[in-house]
Structures are given as C-alpha cells and as structure tokens.
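To start, the structure under review is shown below, and the notes come after it.
The values are calculated or read from the model by the stated rules, or taken from the named source; none is laboratory data. Since the structure is predicted, the reported quantities are computational estimates derived from the model, not experimental observations. Neighbour counts run over all protein chains shown; Cβ positions are idealised from the backbone, glycine included. Accessible surface areas use protein heavy atoms only, side chains included; no ligands, DNA or RNA. Shrake-Rupley method; radii C 1.70, N 1.55, O 1.52, S 1.80 Å.
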Amino acid sequence: MSDEFTVYIDGVEIAARPGQTVIEAADEAGVYIPRLCHLPGLPPHGSCRMCTVIANGRSASACYQPVSPGMVVENDTDDMLEHRKALIEMLFVEGNHFCMVCEKSGHCELQALAYRFGVTAPRFPYHWFPREVDSSHPEVIVDRNRCILCARCVRASRDLDGKQVFHFKHRGPHKKLSVNATARLKDTDIDVTDAALDVCPVGALMRKRRAYDVPIGERLYDHEPIGSDIEHRASSAPDPVEPAEVGS
Amino acid sequence: MSEDLAARVSAICREYGSDAGRMMDITRAVQAGFGCVSEQAVEVIAAATDATVADVESCVSFYSFLSSEQKGKVVIRLSDDVPDRMAGFQRVLDAFSDELGIQPGETTEDGAFTLETTACIGLSDQAPGALINDVPVTHLSSDSAREIVRELRRHMDPRRLVHEEGDGNNAHPQIHSMVRNNARGMGAILYTPYNRGEAVNKALSISPKEVIRAIKTARLRGRGGAGFPAGMKWEFARNAPGEAKYVICNADEGEPGTFKDRVLLTERSDRVFAGMTIAGYAIGAAHGILYLRAEYKYLRPFLEAQLEQRREDGLLGKSVVGREGFDFDIRIQMGAGAYVCGEETALIASCLGGRGDPWNRPPFPAVEGYLGCPTIVNNVETLCCVTKILEEGSATFCEYGTRQSAGTKLLSISGDCLRPGVYEVAFGITLRQVLELCGAEEPVAVQVGGPSGQMVGESDFDRQICFDDLPTGGSMMVFGPDRDLLEIVENFMDFFVEESCGYCTPCRVGNVLLRETLSRVRNGAAEPQDLDHLESLGETVRKTSRCGLGQNSPNPILSSLENFRHLYEDLVSEAPDGQRRSFDLDRAVQEAAEITGRDPAHAG
C-alpha cells in the first residue's frame, strides 16, 4: 500500500498504516504486545495498562495510541517487563483468584500472562475484599471475585449485543461491575447467546454447566504461552535495525 | 409517598429537559430534595431521561456528594486534610461525634444530622473547616463544634450559623459567608481593580487570530498545574473543524491545600467571565460552562447574579457588546465531589452527566471534547490572566516572571506559618522568599503543589517557583519541626486511594499497595528492602497510570523518600530471624487454632 510507513518496535522495523493503533500494527506484524482489556472488535478501553509501551519517549497505551511515521516504540524491555509483572500481580492481589479451583484455568488470560511473564507468586499482600457472586440467572454466573474491571463485557453488551447489561459502580478500590437492574442479573435482558459472555478474559462471567467442555490439558494456553498466535504471524523475524540509521 | 416521589423526581427531570446529559443536575436536585437518590428515584430518572438504571447508579455511586442511602436533613462534612489535622481536626470531629451521639458516616436516629469527613474543601488557611449542607464554617474548635450542633437543633438552618461575615464579597448578601479571603501581597496583576467590559471590548476590536497571538506573545501557560501553553490550546480548538465549540472554565479546585480560585471567584468573577468570553471569541465558541466544585456551591447564587448582570450589560448573550455574529453565554455546571474531575477530560465527562472517568487521549478535547465538539478547558486563574493580558497588553504581562514562566502566580499557603492565605507572586520567586512572606518561622518541609506535587526540604528552599524548577498549581503547605512528615504522606496517600476513579489498574490497586507498605514502615513492620519496593512500585504507578491523578499519586512517597529518606530509614530494620517483620505467626494460625480447638503454643 502506498501510504504505508515504518514504525520501529524494539528496533525491529514493521509496516504500519495511518489510522492504526500501535497494537494493531504490532499484531499484524507478528509482534506481541501483552494486553488484557483490549480485544479486536471492541473499542479500545485502556484500563489494564498491560500494553503500556514507550512511544517516542513517552508512556502510552498501545491499544489506543495511533502510530505515526518513524515512531520508535519500546515494548519488550527489562523496564516494561518489570512494570507488567507488577500490574499482573496487582490484579491477582486485588481480586480473589484461586486458579486451582477455577473453571477458567487454562483459558484464563490473566493466568496465562502470569505464566508467560514468570509471575509465580505476588510480592504484594492480598486485599481479600469480600466480593459478590451473582448466580441468580439460570444460565449465566457473575463471580466478582475474579473480575478485573476490564469492561470487555460492558463494551460487548453495548456494541455487539445492542444491550447495556453491564456497567460499573463506585470508584477507586471500591469500583465494581454492576448489572442493569436494581436487583440481580436475572432481572436484566441478558441472553445465554450474548457476545458479552464470550469475551471475559478471566472467570468472572461464565455460562453455567459448560466449564469443562474443553478438558484440562487441551485448553488455549496449556501448550503455548499467550501471544503465540500473534507471534506465529511473523514469517521470519528480521534483524533489528537502528532507527537513527534508517531515518537519516 | 412513593407516588409523590415519582411526581417530584419527574418534575426535576423535566426541569432539565429530561436530558441524560444533565444527570449531574438532576441527581443533585434529587439528593437535595430527598436526602438521597433512592432506588425508586433511580428508576424514575432512568425512565424519564432514557438512560439505563445502571447509568444512573453509576453516576450516583461515583460522587461523594450523592448517595443512595438516606442522609440527615443537615449534613456536616468536616474537612479532613493535612492543614485541618494540624489545626485540631480530631478534637473537632470528636466533639461533633459526641454532641450528636453518632460516629462519622452515621445519621442520627431522628434523621436530623449526618456526620461525615470529606477531602479538602478549600479552606486550609482557616482550618479546621467544614461544610454544613452548603454553608462553610471555619476556624472550628471543639467548643464551636458543640455550639453549632446546639444552635442547629434550635433552628436547623445552616445559613443562620453565619454570625460574622468575612471580608470583601463574602459579606455580599448573595454569599453571606464567614469565609475570609486572606488575600495578602496581592495587587500586582490579578487583583487590581477591574473595569467591566474593557477587556472584552478590546478583544472584539481585533480579530480572533490576533487575540490568540496576544495570548501567545504573553507566553501564557495553564495555571492549573500542567502549564500547557494556553495560546496553543486555543489555536488547536480554533483550527479544529466543528460547527459548535465550547469554552469550559475549570473551577473544580480540588488539589488539597488550594483555595486561590475561591478567592478569585469571590472577588474577581468578572475577570473570569470576561476571560471565558474572550476565549469564546478567539476559538469561535458560543457556549461557556463554568464547572464549579460542589464545595463552592455557596458562591453559586452570587455567580449567577453576576452572569445576569453581564447579560444586562450586553457582555454576554446575543451579539456581545453589539458585535453581530458573536453570541456567547455561560452556564454553571455544579460538580458533586470528585477530585479527579479537575482532570480536563474527566471534567468534560462529568459535564456530560456521567462518571468522572478521564478519557483516553488522543483525541484531545481541543479537537473532540464536550458533545464531541472542539473544547478548551482552562483554569480560573488562567482565564483571569487572559483578561489581564487584553487589558494591559502582552508586554506588561511579561514584565513579571521568567522567560519560560511569564506573569504571576497565585499561591494558596497554609500550615505552619504566621500569615496563611493567598499570595500573588511573580514566577521565579524562590521558595525561601515565599516562606519569609508568609511568616514561616521554622519550616522543615514544604509540600509544593499539593499531594500531586513534591515534599521538599531546606536544601530546595533556594529553588524557584516556576514551571521548569518547582512547578505548582498553587498549593503550598508549610510544615514545622513538630510535624510527623510520614503521617502527612500517609494522609496524602489516603486521599489518592479514595479519589482514584478506579479505571486503570496501577492507580486503583497500586495506590492501595503503596499506602499499605508505607503504613507498615510507620508501624515498624518493614525492612530496608521495603523502601526499594516503594520506589519500584511508585515508578510503575507513575509510568503506567492513564491520567495525571495516577501519574502523580506516588509523588508524596517518592519525593519524601528522596528528600527525607532518613525518616524512613529510622523506621526500618532487617528482621532478626529472617522472617518478614510483617508476618505474625500467631495471627496467621489463629483461625486454624480456633477451628481445631488446639493451642498453637503446644502444637507438635
């Protein structure tokens, strides 16, 4: 394409187009930038901060930062790795996550990120806040113990299902996922076929009685780390190029 | 009763055009009328405005002045900020609590009183302060707290608590407040007498582009703290495509220890409104919004009257000063208690009737802001500077200050000094000179720029107040030798935890963790490596947070670690047995011991 330009991610030259975000360009080029709240097909949200990169010297969220010609992006650096590990650990201690008994284990993006980045146990103390479980609906369960407030369900319900089943209440550490009813999930217009039920990265929003449809051992992240699908897109990794040399 | 509620809430919705975009006004009015926004009211509002129940609940639960639970007829909100604590906050709180027979957060059984604590209410120079419904009361003591409760029991009218009015317009019948301006060392620029209409007339005698050039020539930078060049922001908005454009004045002065905008709004509101009008002319806007923090609601009747006067004088409305084709008017949007709304995109979100969550940028508000239209958000003081620049010219404005920081700055000074109050100083003044001005006799530390700024000590006193050295949005708290600086830092962290919007992970979770670690340090339950942990965690929060609140929230810890590290080091030590100091074996096994009925001392 004629209006393509070059962006450098960790010194590797990739092609990008006007209007793309950093994460879109990276995905196409087979460069994995970790993310939790971002999901192609939904508008960027920018809340998990996992995709924070240094773009032209400044911190930016790759999921909504537009690319610009010659942009220099730092992604897979020691510095960013430390920040990302800290963010993963924050999400683990904020919620009440028990992977060993969680039906989502193996499909869970938070768990998979922890494995990929070598987070074995959080350095931070757990909050242990009591959180509500809403199992009022015959087909769907909301377990706020596992919710990471990524708003994927909020966006999918609104933008894909044309409903507004989910929202947030309160602020700061008290912030929580709410449902559009003065009572519980069963009083909303959610349907078991809603796209909102397909997008939860963790085990906070699940269809009932489907938990073990895919056996442990055959799950998404059981054999390859999260992000491998994106990395497979890179046919052959080019050698790193110094941006200064190319630009001059 | 419930039919009555439905009818009255519907009427309130109609008053605001049943417009979900006016959710702040609707929910505030319901709160004022019923003492809460109940579940039933939420349903009525949702139906009337075509919003969802979840939308309304989300908004109500976000703001601290809105509540789903029933509040008393009189709500006492005692300001819990560091200067209040230094001036006897705890004694006053205990007195209120004892006299009312309730704990903070509770309502008396008869439904008459609610007692709460709240973040800084903009009265740090006359602390401890409180808001009683909308009425500010100052210089509280345990005696005056008890007397206030006794008097309220007689008449239940907070306005009648004002026995002696403050100076200047505080004594204006439409304000009628005991608040004092404490305007000291004023006069150089912003506080000079104002000729109504002069600046607007001068602006309209030149082209909008020339107005922007004048602002650029004066090198005016935003006074809210970030220091973005105002002329550049205006130019972006002017050049951005859009039929409608908006000018918003940020009067959500929430940085703890800041109160200079309160004084400007009380004494120089004309200059603020003129600045907005000039901005409207420059960018091509017909609408202005003054976003007034909930804590300053007592100023609203006065400000509304001032706006009405300007309409009568032809300075607002259709064809401003007779200029065909330039219509401009201003409405006041009340906030509802959320510090984060001082962030410009959160402020716009709040104006639109939702949670005050900041937005992702780009796009920037100057391109896509209020209702998707190009919008500029400027601080109260910045807009006063605009008026001054038009009145006296860019060159005169630049006579004060430094090359990078032109003009003067208003400082709100509180804490351990003889003369707390608002000072107008030229940029470039050293901190030491400021401390002399306000009569700080033994300053050990100064919090420059509020909790978002830095805690500095003696070795920094010769630095300059300006954008490139020691920047400040105006808050300056002075701490003498008897203060526990780490207690102050912890109070600032409490503030950030409570005021985070909770949107992004590092700010929502990281601040809780920073506070927890600091608290362990203060309790002697931390080791030297916890200080490194504070630094790296603070760095993650700073680097990865989405907006200025989170990016600056670790500053109290990071700056005090840098400048007062010995205070931390005195409190930490290596654990003697290699076991983490924070680990309490007895507590860890307590629950198991209770369940099994075994005494851990005899286990094994």
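Applying the Karplus relation 6.51 cos²θ - 1.76 cosθ + 1.60 with θ = phi - 60° to the range B:394-407 yields 3J(HN,Hα) values of 4, 5, 4, 4, 6, 4, 9, x, 10, 4, 7, 10, 7, x Hz, where x marks Gly and Pro. Of all DSSP bridge pairs formed entirely within the range B:74-163, close to 55 percent run antiparallel. Helical runs assigned H by DSSP (4 residues or longer) give the protein assembly as shown a calculated mean residue ellipticity at 222 nm of -10500 deg cm²/dmol, each run adding -39500 (n - 2.57) before division by the residue total.
Using the alpha-carbon positions of the range A:5-76, Rg (one decimal) and Dmax (whole number) come out as 10.7, 29 Å. Taking 0.36 nm per residue of separation and subtracting the Cα-Cα distance, full extension of the segment from B:SER10 to B:ARG153 would add 48.3 nm.
The largest-to-smallest principal axis extents of the Cα set in the range B:215-372 are 41, 36, 32 Å. With the whole protein complex present, A:HIS170 retains an accessible surface near 70 Å², based on a 1.4 Å probe. Simple spin-label estimate for A:LEU81 and B:GLN529 gives 1.9 nm between the two label positions (7 Å along the Cα-to-Cβ direction from each Cα).
Charging the Cβ of each Asp and Glu at -1 and of each Lys and Arg at +1, and nothing else, the dipole of the range B:312-365 about its Cα centre rounds to 200 debye. When the residues A:ASP27, B:ASP143, B:ASP55 are ordered by accessible surface, computed with a 1.4 Å probe over the protein chains alone, the sequence from largest down reads B:ASP143, B:ASP55, A:ASP27. Counting only Cα atoms, the size of the range B:70-222 along its three principal axes is 63, 32, 31 Å, in decreasing order. Once backbone amide H atoms are built at 1.01 Å from N, A:MET206 has A:ILE141, A:ASP143 as its partners under 5 Å, excluding neighbours fewer than 5 places away on the same chain. Remark: accessible surface ordering of B:VAL53, A:VAL93 (largest first) is B:VAL53, A:VAL93, probe radius 1.4 Å.
At an R0 of 56 angstrom, the distance between the Cβ atoms of B:ARG419 and B:ASN239 translates into a FRET efficiency of 0.75. The orientation-averaged shadow of the Cα convex hull for the range A:68-153, equal to a quarter of the hull surface, comes to 8.0 nm². Only alpha carbons enter this Debye calculation for the protein assembly as shown, each as an equal point scatterer, and the log10 of I(q)/I(0) it gives at q = 0.05, 0.09 Å⁻¹ is -0.29, -0.99.
Explain nothing, just the number: relative contact order of chain A, from Cα pairs under 8 Å at least 6 residues apart, as a whole percent. Walk me through the numbers before you get to the answer.
Working: 416 pairs, mean separation 55.5, N = 248.
Relative contact order here is 22 percent.
Between amide H atoms placed 1.01 Å from N, distances below 5 Å from B:MET334 occur with B:LEU292, all of them 5 or more places distant or on a separate chain.
Antiparallel versus total DSSP beta bridges in the protein assembly as shown: what percent is that, nearest 5? The partial results should precede the final answer.
Details: 46 of 78 bridges.
Taking every DSSP beta bridge within the protein assembly as shown, about 60 percent pair in antiparallel fashion.
What percent antiparallel are the DSSP beta bridges of chain B, to the nearest 5? Percent antiparallel among DSSP bridges in chain B is about 45.
Taking the Cα centre as origin and putting +1 on Lys and Arg beta-carbons and -1 on Asp and Glu beta-carbons, what dipole magnitude results for the range B:184-398, to the nearest 20 debye?
Numbers: 27 positive and 25 negative charges, 79 e Å.
The calculated dipole for the range B:184-398 is roughly 380 debye.
Evaluated on the range B:485-569, the Kirkwood hydrodynamic radius is 12.5 Å, with distances taken between all distinct Cα atoms.
How big is D, in µm² s⁻¹, for chain A by Stokes-Einstein at 25 °C and 0.890 mPa s if Rh is the Kirkwood radius over C-alpha pairs?
126 µm²/s
In a DSSP loop and with at most 14 other Cβ atoms within 10 Å, there are no chymotrypsin sites (Phe, Trp or Tyr not before Pro) in the range B:441-487.
Only protein atoms count toward the accessible area here, which uses a 1.4 Å probe; on the protein assembly as shown, the carbon and sulfur part of that area reaches 48 percent.
Which of B:LYS297/B:LYS409; A:LYS163/A:LYS208; A:LYS85/B:LYS260; B:LYS202/B:LYS409; A:LYS169/B:LYS73; A:LYS163/B:LYS318 have a Cα-Cα distance over 31 Å? Show your work: numbers first, answer last.
Details: B:LYS297/B:LYS409 25 Å; A:LYS163/A:LYS208 21 Å; A:LYS85/B:LYS260 42 Å; B:LYS202/B:LYS409 24 Å; A:LYS169/B:LYS73 25 Å; A:LYS163/B:LYS318 42 Å.
Violating the 31 Å Cα-Cα cut-off are A:LYS85/B:LYS260; A:LYS163/B:LYS318.
Suppose we flag GluC sites (Glu not before Pro) only when DSSP calls them loop and at most 15 other Cβ atoms lie within 10 Å. Which is the longest uninterrupted stretch of chain B?
Values: sites that count: B:GLU69, B:GLU106, B:GLU109, B:GLU164, B:GLU243, B:GLU324, B:GLU399, B:GLU441, B:GLU574.
Longest site-free region, per DSSP loop and neighbour criteria: B:442-573.
Each of B:LEU152, B:SER207, B:GLY166 was placed along the dipole of the range B:148-217 (beta-carbon charges, centred on the mean Cα), and the one lying farthest toward the positive end is B:SER207. When Rg and Dmax are taken over the Cα atoms of the range B:21-149, they come to 16.1, 50 Å. Label-to-label distance for B:ALA395 and B:ARG580 is 6.6 nm, based on points extended 7 Å past Cα in the beta-carbon direction.
Legend: Rg and Dmax of chain B, from Cα coordinates, 25.0, 93 Å. Rg/Rh for the range B:377-499 (Cα atoms only, Rh after Kirkwood) is 1.01. Identify, among B:ALA601, B:PRO506, B:THR375, the residue whose Cα sits farthest towards the positive end of the charge dipole of the protein assembly as shown, taking +1 on the Cβ of Lys and Arg and -1 on the Cβ of Asp and Glu, with the dipole about the Cα centre. Value: B:THR375.
Taking the Cα centre of chain B as origin, work out the dipole magnitude from +1 charges on Lys and Arg Cβ and -1 charges on Asp and Glu Cβ, in debye rounded to 20.
2300 debye
Computed on the range B:74-163, the Cα convex hull volume stands at 79 Å³ per residue. Cross-link reach is defined here as a Cα-Cα straight distance under 17 Å, omitting same-chain residues fewer than 8 places apart; for B:LYS543 the aspartates and glutamates meeting it are A:GLU74, A:ASP76, A:ASP78, A:ASP79, A:GLU82, A:GLU89, B:ASP532, B:GLU535.
Selection among A:ALA62, A:SER47, A:ALA16 by position relative to the dipole of the range A:5-76 gives A:SER47 as farthest towards the positive end (Cβ unit charges, Cα centre).
Binning the C-alpha pair distances of the range B:187-276 at 5 Å intervals from 0 yields a P(r) profile of 3, 11, 18, 24, 24, 14, 6, 2, 0 %, listed from the shortest bin outward. Computed over the range A:83-207, the convex hull of the alpha-carbon atoms projects to a mean area of 7.9 nm².
Based on C-alpha pairs under 8 angstrom that are at least 6 apart in sequence, chain B has a relative contact order of 12 percent.
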